[in-house]
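Colleague: Here it is, the structure, as structure tokens.
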């Protein structure tokens, strides 16, 4: 039975990776039509090739949807929650409401695009998509031979030499809300939050999911931390990064808002810091352009020459993977990063590269196992950035760091955490050890270890692999792969 008359035919705004009311092109379009708007979110982890969210992302999604529903309610509307295959849900709602149109902002995962194409085909002339996730659509950024970019630097030059990204759209001032008795599923019934055990309590101390939290983080960064970004962003102990990645991942802020905020601060010219930060936004963009062209980025080597690489997987490797996940490798900078990840759902970007290199090159464990762990534990687990960054470190991806570039976790700790503040924060067993020994505690004199209350192998593990030997093994494996190729 239809719940609307012809004069009350709604336009459906389908939220996906754009859980915000400002700078939302689909919502803006709907508001301009003057038609009554039905706000919809569909939880679809059933459709073919759609990748279900990880546990930390589910936690974030629950709170982000709670925030979005509250914002819409204060606006006089109601967010309808439905679950199941998106095509079936849309079919049902379009029929029940006699909706005149359905609009959304585009997404770029393989399964999601298959769903969107099918719905557009089924509702030709009634389904419209917009560019709310990226600064530039992949189809608009091509090489001179009309090919997708595989290398970041020319990609950046192409974007930076063209017209700047569009200005953000404001939040619509007036929206006619669709009044109906349509039932909405209860968010609690989706069981997105962990219960036994509830490991999310520390996450709540570090994050405020939702559009308001994203705008607050953006304002805090632009008002201060951006002035140190180029020189301090690689120091994990300083915590001077933007911390916007989960808000961007769920679309609580848009990349256009982030881009233009950097130039809207009074009395600030384009600086090295602003330029460096914008380049990081474009790295995100580059990852999505790769995903658009190579949709199996999370499951297949971008560079097929690595398809025969001799990854190690046996009982020892499984034990090493467990130690890596738990932050018990014996390398403090690696362990600090993995513990930060598990306790906060996030990890400093410099440390992400260190821990990823350690797994892939020191332990010779397939990058896909690490990518899956990050996908499950990161609140900003991004369908494009996560696999592209793992492939970058592994040397298997586009514009990748060469495989023979092997991060030395000792030197990395000495260079980027010289005071030991980051290691001290997340590896409290070493809290009393002087900073000069923190990168390699096994090299500390016995008297220093005793004074710090440390018994290596008991209170803190010995290294699970020796750096020099691990490096040689990785390089030997690379050489054998090259010969086979």
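Colleague: Which of the residues belonging to region 101-118 are closer than 18 Å to residue 88 by Cβ and touching a helix residue (DSSP H, G or I) at 6+ places or on another chain (Cβ under 9 Å)?
Modeller: 102, 104, 112, 113, 115, 116, 118
Colleague: Go over the candidates 469, 436 one by one and state the one that is in the same structural domain as residue 414 (by TED's automatic domain parsing), loosely packed, with under 12 Cβ neighbours inside 10 Å and without any contact (Cβ under 8 Å) to a residue 24 or more places away in the chain.
Modeller: Just one listed residue meets the conditions, 469.
Colleague: Could I ask something else about it? Scan region 297-321 residue by residue and report those that are in contact (Cβ under 8 Å) with a residue 40 or more places away in the chain and in a loop (DSSP other than H, G, I, E, B).
Modeller: 297, 298, 299, 301, 302, 303, 308, 309, 310, 311, 312, 313
Colleague: Of the residues that make up region 322-340, is at least one part of a loop (DSSP other than H, G, I, E, B), in contact (Cβ under 8 Å) with a residue 60 or more places away in the chain, in the same structural domain as residue 456 (by TED's automatic domain parsing) and in contact with a strand residue (DSSP E or B) (Cβ under 8 Å, 6 or more places away or on another chain)?
Modeller: Yes, region 322-340 has at least one match.
Colleague: Here is a list: 128, 143. Which entry is in contact with a helix residue (DSSP H, G or I) (Cβ under 8 Å, 6 or more places away or on another chain) and closer than 20 Å to residue 30 by Cα?
Modeller: The conditions single out 128.
Colleague: Working carefully through the options 192, 159, find the one that is surrounded by 14 or more Cβ atoms within 10 Å (Cβ to Cβ), touching a helix residue (DSSP H, G or I) at 6+ places or on another chain (Cβ under 7 Å), touching a residue at least 12 places away in the same chain (Cβ under 8 Å) and not in a helix (DSSP H, G or I).
Modeller: 192
Colleague: Would you confirm, using the coordinates I've provided, whether residue 208 is within 21 Å of residue 64 (Cβ to Cβ) and either surrounded by fewer than 21 Cβ atoms within 10 Å (Cβ to Cβ) or modelled with pLDDT of 95 or more (or both)?
Modeller: In short, yes.
Colleague: Related question: Could you say whether any residue in region 45-67 is free of Cβ contacts under 8 Å to residues at least 60 places away in the same chain, surrounded by fewer than 18 Cβ atoms within 10 Å (Cβ to Cβ) and part of a helix (DSSP H, G or I)?
Modeller: no
Colleague: Separate question: Could you list, in sequence order, all residues of region 251-278 that are in contact with a helix residue (DSSP H, G or I) (Cβ under 7 Å, 6 or more places away or on another chain), at pLDDT 90 or above and not in a helix (DSSP H, G or I)?
Modeller: 252, 253
Colleague: What about residue 122, is it without any contact (Cβ under 8 Å) to a residue 40 or more places away in the chain and in contact with a strand residue (DSSP E or B) (Cβ under 8 Å, 6 or more places away or on another chain)?
Modeller: No; evaluated as a whole, the condition is false for this residue.
Results for (1) more than 22 Å from residue 245 (Cβ to Cβ); (2) buried (at least 22 other Cβ atoms within 10 Å of the Cβ); (3) at pLDDT 95 or above, shown as yes or no for each residue.
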position: 329; (1), (2), (3): yes, yes, yes
position: 334; (1), (2), (3): no, yes, yes
position: 339; (1), (2), (3): no, no, yes
position: 368; (1), (2), (3): no, no, yes
position: 381; (1), (2), (3): no, yes, yes
position: 385; (1), (2), (3): no, yes, yes
position: 399; (1), (2), (3): no, no, no
position: 410; (1), (2), (3): yes, no, yes
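Colleague: Could I ask something else about it? Need the failing condition index for residue 202 against (1) under 20 Å from residue 79 (Cβ atoms); (2) exposed (fewer than 13 other Cβ atoms within 10 Å of the Cβ); (3) touching a helix residue (DSSP H, G or I) at 6+ places or on another chain (Cβ under 8 Å), just the number.
Modeller: (1)
Colleague: Here's another thing I want to ask about it. Please verify whether region 104-112 includes one or more residues that are free of Cβ contacts under 8 Å to residues at least 40 places away in the same chain and closer than 30 Å to residue 87 by Cα.
Modeller: Within region 104-112 (the criterion being free of Cβ contacts under 8 Å to residues at least 40 places away in the same chain and closer than 30 Å to residue 87 by Cα), the answer is yes, since at least one residue qualifies.
Colleague: Listed residues 144, 213, 237; which is part of a loop (DSSP other than H, G, I, E, B) and touching a residue at least 60 places away in the same chain (Cβ under 8 Å)?
Modeller: Criteria check complete, one pass: 237.
Colleague: Can you pull out every residue in region 341-355 that is crowded, with 23+ Cβ neighbours inside 10 Å and either assigned to a helix (DSSP H, G or I) or outside the structural domain of residue 460 (by TED's automatic domain parsing) (or both)?
Modeller: 341, 351, 354, 355
Colleague: Got a sec? Which helices (runs of 4 or more DSSP H) wholly within region 395-485 have at least 1 residues that are within 24 Å of residue 341 (Cα to Cα)?
Modeller: 409-416, 421-426, 467-484
Colleague: Something else about it: Any idea which of 299, 319 is within 21 Å of residue 468 (Cα to Cα) and not assigned by TED's automatic domain parsing to the domain that holds residue 247?
Modeller: 319
The values are calculated or read from the model by the stated rules, or taken from the named source; none is laboratory data. Only a predicted model underlies this, so the values are computations on that prediction, with no experimental measurement involved. In this analysis, Cβ positions are derived from the backbone assuming ideal geometry, glycine residues included, and neighbour counts consider all displayed protein chains.
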